[in-house]
1. Hey, any hits in the stretch A:160-176 for a residue that's aliphatic (A, V, I, L, M), touching a strand residue (DSSP E or B) at 6+ places or on another chain (Cβ under 8 Å) and more than 10 Å from chain B (Cβ to nearest Cβ)?
2. What number of residues within the stretch B:66-124 are part of a helix (DSSP H, G or I) and within 26 Å of the chain's Cα centre (by Cα)?
3. I'd like to check something: does the stretch B:12-28 contain any residue that is in contact (Cβ under 8 Å) with a residue 60 or more places away in the chain, within 23 Å of A:GLY155 (Cα to Cα) and surrounded by 15 or more Cβ atoms within 10 Å (Cβ to Cβ)?
4. Of everything in the stretch B:109-121, what is touching a helix residue (DSSP H, G or I) at 6+ places or on another chain (Cβ under 9 Å) and more than 8 Å from chain A (Cβ to nearest Cβ)? Give them in sequence order.
5. Do the conditions hold for B:ALA58, that is, is it more than 12 Å from every other protein chain (Cβ to nearest Cβ) and either within 28 Å of the chain's Cα centre (by Cα) or touching a residue at least 24 places away in the same chain (Cβ under 8 Å) (or both)?
6. Looking only at residues that are more than 21 Å from A:ALA31 (Cβ to Cβ) and outside any helix (DSSP H, G or I) in the stretch A:105-136, which one is nearest to the other protein chains (Cβ to nearest Cβ)?
7. Where in the stretch A:1-82 are there helices (runs of 4 or more DSSP H), lying fully within it, with 1 or more residues that are under 17 Å from the mean Cα position of the chain (by Cα), at pLDDT 75 or above and crowded, with 17+ Cβ neighbours inside 10 Å?
8. Looking only at the stretch A:137-149, filter to residues that are more than 7 Å from chain B (Cβ to nearest Cβ) and buried (at least 24 other Cβ atoms within 10 Å of the Cβ); which one of those is farthest from A:ARG243 (Cα to Cα)?
Amino acid sequence: MVPVVGLWRPRWPFWLALAAIAGSASVSAWALATVIDSGTLRYTLGGWAPPLGIEYVVDHVAAFVATVVTGVALMVVVSTRQAAAWEMRGRLGFFYSLVLLLIAGLTGIVVTGDLFNVFVFLEISSLAAYALVFLGGRRGMVAGYRYLILGSIGGSFYLLGVAFLYFTTGTLNMADTLAILREAGPSTPVSAGAVFIFIGLGLKMALVPLHLWLPDAYTYAPSSVSALIAPIVTKVGAYVMIRMFLSVFPDGYLTDEVPIGTTLIVVGLASMVFGSVAAMGQRDIRRMLAYSSISQVGLIAVGIGLATPLGFVAALLHIMNHAIMKATLFLASASVRLTTGASEIEGMAGLARGMPITMTAFAVGAVSMIGIPPSVGFFSKWYLSLAAIEEGRWVVVAFVLVSSLLSAVYLFRVLERAFLTPSPVPEYPAIAGAAPDAPLLPGSSGLRAGSGEPPRAAEPAIAMVREPSADVTLPIVLLAAATIVLGVLNVVVVTNVLEPGV
Amino acid sequence: MLDEIAARFPYWAIAVLLGVGLYGTIGKRSLVKKLIGLNIFQVAIILFFIAGSLKTGATVPITVLGEHAVAADFVNPLPHVLMLTAIVVSVAVTGVALSFLVRLYREFPGLDEEQILEDLGRPS
């Protein structure tokens, strides 16, 4: 319906999409409250009883992840309204339908209790994501096509794994599979299926040997798109992994029968280090954030791989943390790019003077990513270290520390540039006076960024940059505040939501 | 060895198809061939589901009212229905990929991956 309305009234799709996402966010929040109050919600589709029909199961973990996904999506969609209107001229209707399709797919994955249904929703959300990345100009097109091929291979591997499980158990319902596998004990087809499922999910999550699609896709997608997909898409892959551990395979199966837990830890540690090191070498801020995503997803994978309740708590907390802070960072950089056209770190010198609110939010997001105490980032890393120590895996703690230090290195590089380096060109009173308060400065090279030109055209503009309007900054500030508030309140989240869930 | 292959012929064929498909997506430079490889991979999985649900001596799962039906006489219809869905998904992916290819073909001189990367001015 949205594209039709978009052709008719170009302004409406945003409000329709906003209403839809706000609706699903409030439903998720309501579901979370209900689940905390009275336990798991179940809904059977089409009136077929669970083992035969498809069942939606909303337990603590699902409600938590659904709330995070829809809440972050809501903030991002509000904040990127101007960026999207600029980048998607004339195609807003299609853009917002793809956004809604993406979120429908992601929430579908989260609430479903059926293995095959996960595959269908995975492909729905991925198709929307491919198309969104494809909108990003020439480079975005190539990145989007690559993402499509690799992402579909990932989905197919998942389906292959489900085939093995189905032939052994004869059921696709997750709870039923768990019961049957518990009774049947270990067998080769089940183990093979588990391996295929985790290869597929690893591709979707961009863990290290399988990460090749991610940096290009996040860098060259339109900034309104990368701010949306970077925080939430890979997180849902991680959620499906947790689901596999919690409610498909019996306790200990994935650690004792098949060494998937250990593999995940090793791969996750490799991702953490590789992502951080690669991020340090990047000049484009979006590319830097994309590589840091790889490293943060690695951290989540380590939490999952430990396969203890505390490990899952750490992974889930980090899913929330990473979704919120990566949205903050991507939105702040998108807003910088929208205002100044600069997406290279070099071009951000002295930016904090013109855009103090945006850059402060960026700094708060960075603090949470590094893991400095009052933020959520500190607590998710804290729980991860506790879980690792409990298991006697001290190496993990060392890696967490090293990767935090590395991320401090590359994030402080941006902060130093924005806050401490004076702006390269002194303020020209004449130009500053002539500059309109329009959010888009003429000569902004934003759309051509990435074509390899140094942002010369943008540099004089830095000195007279102003904050974009409140609807852009407010969501960023809210998200940044959320990392601190949730960090302080992390005990509430952990004891009420996460611990009963895992 | 040969007997073993003959006895489980469909599965060996599927394994070969999976390998061919994966090679196509990763090893080939042409973007079109990558898509063909992806399709072969997906078809192999669909065939795997169908081959796995083979049941000799059974019939279509339609019961006549009032007649006594035994489950052993019928094929389980679920894998076939699932594969209908999987085919739809695979068609959707192929459709999106083909429309991407059309746009890419208009934008770039050819559909060879190396050539496109060169055109973008970035070392692969």
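The values are calculated or read from the model by the stated rules, or taken from the named source; none is laboratory data. The model shown is predicted, which means the values in this text are computed figures rather than measured ones. Please note: Cβ atoms are built from the backbone with ideal geometry, for glycine as well, and neighbour counts cover all protein chains shown.
1. Yes, because at least one residue in the stretch A:160-176 is aliphatic (A, V, I, L, M), touching a strand residue (DSSP E or B) at 6+ places or on another chain (Cβ under 8 Å) and more than 10 Å from chain B (Cβ to nearest Cβ).
2. Of all residues in the stretch B:66-124, those part of a helix (DSSP H, G or I) come to B:71-73, B:78-107, B:113-119.
Restricting the remaining residues to those that are within 26 Å of the chain's Cα centre (by Cα) gives B:78-105, B:113.
Of the residues in the stretch B:66-124, 29 are part of a helix (DSSP H, G or I) and within 26 Å of the chain's Cα centre (by Cα).
3. For the stretch B:12-28, residues in contact (Cβ under 8 Å) with a residue 60 or more places away in the chain, within 23 Å of A:GLY155 (Cα to Cα) and surrounded by 15 or more Cβ atoms within 10 Å (Cβ to Cβ): absent.
4. B:PRO109, B:GLY110, B:LEU111, B:ASP112, B:GLU113, B:ASP119
5. For B:ALA58, the condition - more than 12 Å from every other protein chain (Cβ to nearest Cβ) and either within 28 Å of the chain's Cα centre (by Cα) or touching a residue at least 24 places away in the same chain (Cβ under 8 Å) (or both) - is met.
6. Result: A:LEU135.
7. Of the helices (runs of 4 or more DSSP H) lying wholly inside the stretch A:1-82, those with at least 1 residues that are under 17 Å from the mean Cα position of the chain (by Cα), at pLDDT 75 or above and crowded, with 17+ Cβ neighbours inside 10 Å span A:12-38, A:60-79.
8. Of all residues in the stretch A:137-149, those more than 7 Å from chain B (Cβ to nearest Cβ) come to A:137, A:140, A:143, A:146-147.
So of that shortlist, the ones also buried (at least 24 other Cβ atoms within 10 Å of the Cβ) come out as A:143, A:147.
On the way: A:ALA143: 29, A:TYR147: 24 Å.
So the residue we want is A:ALA143.
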